[in-house]
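Peer 1: One structure, pasted below without further comment.
The values are calculated or read from the model by the stated rules, or taken from the named source; none is laboratory data. For clarity, every value in this text was computed on a predicted model and none was experimentally measured. Here Cβ is always computed from backbone atoms with ideal geometry, including for glycine, and neighbour counts include all displayed protein chains. Please note that ligands, DNA and RNA were not included when accessible areas were found on the heavy atoms of the full protein model with its side chains. Shrake-Rupley method; radii C 1.70, N 1.55, O 1.52, S 1.80 Å.
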Protein chains: 4
Amino acid sequence: MIKVAVVGATGYTGVELLRILVQHPEVTIQMVTSRAEKGKAVSSVFPNLREHLELNFCDPDPKLLAACDLVFFATPHGTAMALVPELLAKGVKVIDLSADFRIKDAKLWAHWYGVNHTCPELLDEAVYGLPEINRELIKSASLIANPGCYPTAVQLGFIPLLKNNLVDPNSLIADVKSGVSGAGRKAAMGTLLCETSENFKAYAINGHRHQPEIVQGLNEQSDAPVNLTFMPHLVPMIRGIQASLYASLLNEDVNLQSLYEDFYQDEVFVDVMEAGNSPETRSVRGSNMCRIAITRSEGGDKVVILVAEDNLVKGAAGQAIQNMNIMYGFDEVLGLNIVSVLP
Amino acid sequence: MIKVAVVGATGYTGVELLRILVQHPEVTIQMVTSRAEKGKAVSSVFPNLREHLELNFCDPDPKLLAACDLVFFATPHGTAMALVPELLAKGVKVIDLSADFRIKDAKLWAHWYGVNHTCPELLDEAVYGLPEINRELIKSASLIANPGCYPTAVQLGFIPLLKNNLVDPNSLIADVKSGVSGAGRKAAMGTLLCETSENFKAYAINGHRHQPEIVQGLNEQSDAPVNLTFMPHLVPMIRGIQASLYASLLNEDVNLQSLYEDFYQDEVFVDVMEAGNSPETRSVRGSNMCRIAITRSEGGDKVVILVAEDNLVKGAAGQAIQNMNIMYGFDEVLGLNIVSVLP
Amino acid sequence: MIKVAVVGATGYTGVELLRILVQHPEVTIQMVTSRAEKGKAVSSVFPNLREHLELNFCDPDPKLLAACDLVFFATPHGTAMALVPELLAKGVKVIDLSADFRIKDAKLWAHWYGVNHTCPELLDEAVYGLPEINRELIKSASLIANPGCYPTAVQLGFIPLLKNNLVDPNSLIADVKSGVSGAGRKAAMGTLLCETSENFKAYAINGHRHQPEIVQGLNEQSDAPVNLTFMPHLVPMIRGIQASLYASLLNEDVNLQSLYEDFYQDEVFVDVMEAGNSPETRSVRGSNMCRIAITRSEGGDKVVILVAEDNLVKGAAGQAIQNMNIMYGFDEVLGLNIVSVLP
Amino acid sequence: MIKVAVVGATGYTGVELLRILVQHPEVTIQMVTSRAEKGKAVSSVFPNLREHLELNFCDPDPKLLAACDLVFFATPHGTAMALVPELLAKGVKVIDLSADFRIKDAKLWAHWYGVNHTCPELLDEAVYGLPEINRELIKSASLIANPGCYPTAVQLGFIPLLKNNLVDPNSLIADVKSGVSGAGRKAAMGTLLCETSENFKAYAINGHRHQPEIVQGLNEQSDAPVNLTFMPHLVPMIRGIQASLYASLLNEDVNLQSLYEDFYQDEVFVDVMEAGNSPETRSVRGSNMCRIAITRSEGGDKVVILVAEDNLVKGAAGQAIQNMNIMYGFDEVLGLNIVSVLP
């Protein structure tokens, strides 16, 4: 039984952490922090937690946090890096769901996030928490940089191809689509129902913060540096990411279906679907599964990888708890054996 | 550990039964039947069950069904009554989620469902499976008539008032609203996304089959027969029922909040919310909870009871499993301790 | 050809006014004001107006406004009353789509809107712009208080009953449902897609500002003062209001269908549907039509009136332009002969 | 004033034709046919047409059709080709919104549509009704093959690049997304609200009928034959197509923004947006506009063309009426000067 805290739990990533953690048999939720909602019952903000969680929001007091075994940060960027050094120094483990420790190059980070990094010395120590790639490092990590939602889908989709030198690394295109919850839980005009419902568009066409994170991850698995065209789109739904990934095959005679099945055969949260299927986001809603299908365009050299995940689960809170399970030697599926609600 | 079968599992009630049953620690799913999908993997029809259920659909062979302890019927009306007598005779217990055994008066049933009842002799034996009212009878029942979705919400809302003779039984109005899944999973024009999305309307304005079921249930709890105005509406969403119930108070000095809290104090699946709240359907999505709030109109004699439930869970599959738990002496929340996914 | 201005045109009521006005053959849009978006092309904020309107947002300069024939206020409450006296003094006509001049009793207004009225002397002069009731007064009005969205639906539904003394005025219940656009276009958490989609609930259960406006309007048409139970609900869709109105009939022998058809026979924007129909909101999306159907509950004394309108058109901008057409002697349907887009 | 008929008007393309035609000043709707709904008022099936169209559905009697100037076919494939030869022989003009005359190669057509073509001799005579490319031919055509929804978006997006030899014709990728109305108005399980809402997926991954139509159109504008990877996706909304088109630039020094602006400068229904914009589907909902934006991926050779249209208007009925306007020498925007309803 470990004691955990969730810092910044008023967002969608936060409530999703709580949903899973309240049913995790090895976890006691010790603290749930929010400066804005301090003193309020967590279940008054998130009525799905009525009957399941009796805590009130409190301040993120470092002393109290230090009494936990593990602290999750579900905060906007810039918050975790202010508290993490002190927590690590006191022996507390940290899983940061924000972007603060995802990019190894502090200058690149500052360029995309608009502020300087305050503890660049921890960037090397931080382990990028994509279990399918970094499981061994995660086991002994003290600080996990939990991957972004798009980066999880795009990396899990492309890596088997890159690692086997099967595609031209300059040919990568990721046409990705996300539900609106990816934009977070905050007062904003752009994500009102009236602005997003019955509408579809590409967004962030001049650059998205997940691009450098993805490129960093793909480059680590590729002999030659990749060039990626990354185009995010907003889908009129709450949850789910679907990625259609395109690349030019160098060798068209490979059995890609077998290759993917082999690559992920031991992975409990990656489902390589039978040929001819297309993964749909609702099949993973609320679950930590990432589904992948492989297809080819007729008569051309293009391979198309289709990926679906829940942006708030495998793309955020679920992956964080998967990382926690690995760090503490729990069964990797503990608390994550969730069946999606369908329809 | 009991062996169960689900007959007619290709509908939304069926998949919802399976979602909950695959995680129920005291249940083995023995058979999942569908004539139309016979031979197909259940998970190929319902991709949320991939990794969770390895069965194929099969025919509802009575001999095989008779080898189970309990059979759930998730069929259209008319199917259960053809199979139930044989199953009961062989000592199999039955929970029927269809309407076949809900109405005690066989003529009234025939009037609303358009066919004659083929085993009216079982109507008295069948126990109406609303645990909050009939728990003792359910414990020893062999045949459960699982309540309809609207009837669950309307009865749980009105009964505390009627049982205490607090309202004029002629003044009852139920303005109820349901997500589209209430119409079932079948090829139909009226429930296409393009016909129901971005739209709201009352429907069945000339009479709805749930009306006689509700009236029967309310009359059992009322000294005088009730007159109910029942108006269903279709909401552009998948799941959820919200009922706004109106009645004229005979005595305006009663503390209704306390009355409801007391009435349901031992009920784990009825949540009487603090005054000033309004139950929202998403807070119970996928869960077996029924939330109720009580309010008054200013300056008048009207009480307004607001009720929210998931039509497929407390209004169907979840309640069926609650009934199963009671019948077999399991903890009533076993397999039903579900946290709603929010957002 | 008249010159008009739209003050506060960055909201949903504002863009709807512009959508209709750009195609009105007797109108020139002279000014579109917004302090926040000053200088920006209107079509950059509302891309549906590309190719249709070439203006930029400007400040609501009273001198420039005074050069118009007619000024529409599509502002939050409190703004119109600050500018209207000066405009009226200069001979400019005003249609106020906000609540500033709807309630005749300044104290009651202050109670519900939380500020004191700054020009109560104009409340008597203001004509409540419900054309079906007040057409003659509208013709010669200088200041129109354009009705709220719920009040339009509820009054058009109840008035034929009240005016003919057919129902108990103490028995009125209005169970009303609105799309999310009723909450306006502003950064807010409560109306995010993720908070409202796939959800349904009653709201404002402790009182809604439209209640006193409705009661005032109903009382004017009723011999005895009414008591109204008013319960608003939020529907997961952009546009549309549906009202289910309940009342106890004093005389059950009346042919209500004929009564409504006669009452509204000359009204081009009220459609009394044939018996057995239920008006659906999508059938009036984007149009100024209000559809009404009459039904009865079986075996009781209750009449049920079903009403559908587009909250932003007949419930706001369309009705404002209908008022304008009446004020200026234009054909009442000019610019409003819109066919709803379906699906 | 011309007399027109709409054959097969019970689908979404049909009702959309009627919505626009009832307000077209040069058109009298003479007949609206449907075998299934024969005798019913059109407005009873499509309530948005109440007050706007007084016709009943009738049989598609060839003699009566022959009395019209122009017949629109809004039928499933296979119907138009059975009636068109007789109508043309009698001097009636035809605009076929189905796929019957879109593909010039009868064998290729039979391969994709599963039946043999019954009048292949008309395939050469049929003019592909994409006005921006074929306006001169349309002027004198008797038989128009109205383009498919995806083909309109993809061709208008790619053609300026291909016509100017700016991209590798083997590198074309079209990642396209459509609202559910693209699947038509028919009883079907796959397009129920409960199956499509809150979900996103690629579909038709083994080949889509629009692919050969697009390739045929692109090849006509390209010096070398193209290879196209075409991946359609289903968006949980009613209307709209968004296409993200990718290609490898042969020459990276071209000013693509100017090129597109020049290419479409005389086109009233193509809107080349300023650099930095992303076209959103709601901005063209119900309108005949096709919006295009051009962007580049950072550091690579890829150009990305973003296109948005309403699949039922510029992708079907609106384009058909644009073709009609051209054929009859009407102003091309007559009846099509529609402002989208937003939100």
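Peer 1: Of all residues being of a type in the set (Ser, Thr, Tyr) and over 27 Å from D:Ser178 (Cβ atoms) in the range D:122-158, which is most open to solvent (accessible area, probe 1.4 Å)? Just the residue, please.
Peer 2: Looking at residues that are of a type in the set (Ser, Thr, Tyr) and over 27 Å from D:Ser178 (Cβ atoms), I get D:Ser140.
Peer 1: In this structure, is C:Gly8 more than 14 Å from chain D (Cβ to nearest Cβ), closer than 25 Å to C:Ile238 by Cα and touching a residue at least 40 places away in the same chain (Cβ under 8 Å)?
Peer 2: Spelling it out, C:Gly8 is indeed more than 14 Å from chain D (Cβ to nearest Cβ), closer than 25 Å to C:Ile238 by Cα and touching a residue at least 40 places away in the same chain (Cβ under 8 Å).
Peer 1: Within the range D:174-191, can one find any residue that is free of Cβ contacts under 8 Å to residues at least 12 places away in the same chain, under 30 Å from B:Val341 (Cα atoms), assigned by TED's automatic domain parsing to the domain that holds D:Val284 and open to solvent by less than 10 Å² (accessible area, probe 1.4 Å)?
Peer 2: No, that holds for no residue.
Peer 1: Name the residues in the range A:255-306 that are in a helix (DSSP H, G or I) and either over 30 Å from A:Asn325 (Cα atoms) or in contact (Cβ under 8 Å) with a residue 12 or more places away in the chain (or both), would you? Walk me through how you get there before you give the answer.
Peer 2: As a first pass, look at the range A:255-306 and keep what is in a helix (DSSP H, G or I): A:256-263, A:281-284.
Hits for the range A:255-306 are A:Leu256, A:Gln257, A:Leu259, A:Tyr260, A:Phe263, A:Thr281, A:Arg282, A:Ser283, A:Val284.
Peer 1: Still on this model: Name, by its number, the condition in (1) surrounded by fewer than 18 Cβ atoms within 10 Å (Cβ to Cβ); (2) without any contact (Cβ under 8 Å) to a residue 60 or more places away in the chain that does not hold for B:Pro76.
Peer 2: Just one mismatch for B:Pro76, condition (2).
Peer 1: Moving on to the next point. What number of residues in the range C:64-121 are of a type in the set (A, V, I, L, M, F, W, C) and outside any helix (DSSP H, G or I)?
Peer 2: Step one: list which residues in the range C:64-121 are of a type in the set (A, V, I, L, M, F, W, C), which gives C:64-68, C:70-74, C:80-84, C:87-89, C:92, C:94-95, C:97, C:99, C:101, C:103, C:106, C:108-110, C:112, C:115, C:119.
Among the residues that remain, those that are also outside any helix (DSSP H, G or I) are: C:67-68, C:70-74, C:92, C:94-95, C:97, C:99, C:101, C:103, C:115, C:119.
Result for the range C:64-121: 16.
Peer 1: Also, quick follow-up: Can you find, within the range C:202-245, the residue that is farthest from the other protein chains (Cβ to nearest Cβ) among those that are surrounded by 24 or more Cβ atoms within 10 Å (Cβ to Cβ) and of a type in the set (D, E, K, R)?
Peer 2: Ranking the candidates gives C:Glu213 first.
Peer 1: Mind checking which pairs have a first residue in the range A:107-129 that is free of Cβ contacts under 8 Å to residues at least 40 places away in the same chain and a second that is open to solvent by 90 Å² or more (accessible area, probe 1.4 Å), Cβ under 8 Å, 6 or more apart or different chains?
Peer 2: What qualifies is A:Ala110/A:Asn116; A:Val127/A:Leu137.
Peer 1: Then there is this: Output the number of residues of the range C:22-44 satisfying the condition of being within 24 Å of C:Asp310 (Cα to Cα) and facing chain D (nearest Cβ under 10 Å). Let's see the steps before the verdict.
Peer 2: First, pick out the residues of the range C:22-44 that are within 24 Å of C:Asp310 (Cα to Cα): C:22-27, C:29, C:32, C:42-43.
Filter again for facing chain D (nearest Cβ under 10 Å), leaving C:22-23, C:43.
Total satisfying the criteria: 3.
Peer 1: Being over 19 Å from B:Cys290 (Cβ atoms) and modelled with pLDDT of 95 or more is the filter here; which residues of the range B:234-257 pass it? So that I can check it myself, show each step before the final result.
Peer 2: We begin by selecting, within the range B:234-257, every residue over 19 Å from B:Cys290 (Cβ atoms); these are B:234, B:236, B:248-255.
Listed by number, the residues that qualify are B:Leu234, B:Pro236, B:Ser248, B:Leu249, B:Leu250, B:Asn255.
Peer 1: Give me a count of the residues in the range B:29-58 that are touching a Leu at 6+ places or on another chain (Cβ under 9 Å) and hydroxyl-bearing (Ser, Thr, Tyr).
Peer 2: Residues that pass the stated criteria total 2.
Peer 1: Would you pick out the residues in the range D:246-288 that are open to solvent by less than 20 Å² (accessible area, probe 1.4 Å) and either of a type in the set (Lys, Arg) or more than 10 Å from every other protein chain (Cβ to nearest Cβ) (or both)?
Peer 2: D:Ala247, D:Leu249, D:Leu256, D:Tyr260, D:Tyr264, D:Val270, D:Arg282, D:Asn288
Peer 1: If you check every pair at least six apart or on different chains, which have Cβ atoms under 7 Å apart with a residue in the range B:323-335 that is outside the structural domain of B:Val71 (by TED's automatic domain parsing) first and a residue that is of a type in the set (A, V, I, L, M, F, W, C) and open to solvent by 40 Å² or more (accessible area, probe 1.4 Å) second?
Peer 2: B:Asn325/B:Leu334; B:Glu332/B:Val268; B:Val333/B:Val268
Peer 1: While we're looking at this one, here's another question. Pairs please, first residue from the range D:21-50 and open to solvent by 40 Å² or more (accessible area, probe 1.4 Å), second anywhere and basic (Lys, Arg), Cβ atoms under 8 Å, 6+ apart in sequence or on different chains.
Peer 2: Note: pairs meeting the criteria are D:Thr28/D:Lys3; D:Gln30/D:Lys3.
Peer 1: Follow-up question, since we're still on this one. Does D:Lys3 satisfy the condition of being open to solvent by 20 Å² or more (accessible area, probe 1.4 Å), part of a loop (DSSP other than H, G, I, E, B) and touching a Leu at 6+ places or on another chain (Cβ under 8 Å)?
Peer 2: Working: open to solvent by 20 Å² or more (accessible area, probe 1.4 Å): yes; part of a loop (DSSP other than H, G, I, E, B): no; touching a Leu at 6+ places or on another chain (Cβ under 8 Å): yes.
The answer is no for D:Lys3.
Peer 1: Same structure again: Find the residue count for the range B:79-116, including only residues that are open to solvent by 60 Å² or more (accessible area, probe 1.4 Å) and within 19 Å of B:Leu18 (Cα to Cα).
Peer 2: 0
Peer 1: Any residue at all in the range B:308-328 that's open to solvent by 30 Å² or more (accessible area, probe 1.4 Å) and within 8 Å of another protein chain (Cβ to nearest Cβ)?
Peer 2: Applying the first criterion (open to solvent by 30 Å² or more (accessible area, probe 1.4 Å)) to the range B:308-328 yields B:328.
If we keep only those that are within 8 Å of another protein chain (Cβ to nearest Cβ) as well, we get none.
Within the range B:308-328 (the criterion being open to solvent by 30 Å² or more (accessible area, probe 1.4 Å) and within 8 Å of another protein chain (Cβ to nearest Cβ)), the answer is no, since none of the residues qualifies.
Peer 1: Here is a follow-up. For A:Glu298, state whether it is open to solvent by 40 Å² or more (accessible area, probe 1.4 Å) and touching a Gly at 6+ places or on another chain (Cβ under 8 Å). Show your work before the answer.
Peer 2: Details: open to solvent by 40 Å² or more (accessible area, probe 1.4 Å): yes; touching a Gly at 6+ places or on another chain (Cβ under 8 Å): yes.
Yes, satisfied.
Peer 1: Look at D:Asn170 and say whether it is more than 26 Å from D:Gly14 (Cβ to Cβ), within 14 Å of chain A (Cβ to nearest Cβ) and open to solvent by 10 Å² or more (accessible area, probe 1.4 Å). Working first, answer last.
Peer 2: Working: more than 26 Å from D:Gly14 (Cβ to Cβ): yes; within 14 Å of chain A (Cβ to nearest Cβ): yes; open to solvent by 10 Å² or more (accessible area, probe 1.4 Å): yes.
Answer is yes for this residue.
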